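Enquirer: Got a structure for you, written out below as structure tokens; questions coming shortly.
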Amino acid sequence: MYNKSHFLGKYAMTTLVSLLTLTLFDSNPWWKVLFFTIPATLLNLYFTGLGLQKSWSQAVIASLQGVVAAFLAYLVGLATLLRITIGTLVGLALLLFLVEFLFARFFPQKTP
């Protein structure tokens, strides 16, 4: 499947984007955001593998990853674990889409 460095790279990328949006704009504690990014990264890796197996384009995979991460943040916000605003959710989805799309272009994945 994926090696540890792939997971750590995705985790670092998702953490950076989440810290920029959720901590900076909504004043959430950084340690809560770090815990949020673990399931977000696992979902990110799942949709990366699913998209590669089904031969989806990189734009579709990246946009799906951004929307799923924002939806997960919305669900965590409903449980009142994080403060979430709609603008931050949109920013999280767009920023994660942009970062995922750019990294996928520079570091293409091979199908398993």
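Enquirer: Find which of Val99, His6, Asn44 sits farthest along the positive direction of the dipole of the chain, computed with +1 on the beta-carbon of Lys and Arg, -1 on that of Asp and Glu, about the Cα centre.
Expert: His6
Enquirer: Now a separate question. Could you derive backbone 3J(HN,Hα) for the stretch 85-92 from the dihedral phi with the Karplus parameters 6.51, -1.76 and 1.60 (θ = phi - 60°), listing whole Hz in sequence and x where the residue is Gly or Pro?
Expert: 10, 5, x, 5, 5, 5, x, 4
Enquirer: Now for a separate question. Of (i) 37, 15, 9; (ii) 26, 16, 13; (iii) 24, 14, 12, which is the value of semi-axes √(5λ) of the Cα gyration tensor in Å derived from the coordinates here?
Expert: (iii)
Enquirer: Within the stretch 6-54, report the trypsin sites (Lys or Arg not before Pro) that DSSP leaves as loop and that have at most 10 other Cβ atoms within 10 Å.
Expert: Here the sparse-neighbourhood loop sites are Lys54.
Enquirer: Would you mind checking the stretch 26-66 for residues with the amide N under 18 Å from a putative spin-label position 7 Å along Cα→C-beta of Phe7?
Expert: Zone members listed by number: 34-50.
Enquirer: Would you calculate a helix-derived [θ] at 222 nm for the chain, using -39,500 (n - 2.57) for each DSSP H run of n ≥ 4 and dividing by the full residue count, to the nearest 500?
Expert: Mean residue ellipticity at 222 nm (helix-derived): -25000 deg cm²/dmol.
The numbers here are math on the coordinates, done by the rules we state, and not lab data. All figures in this text were calculated on a predicted structure; none of them were measured in a lab. Glycine gets a Cβ as well: all are built from the backbone with ideal geometry, and neighbour counts include every protein chain shown.
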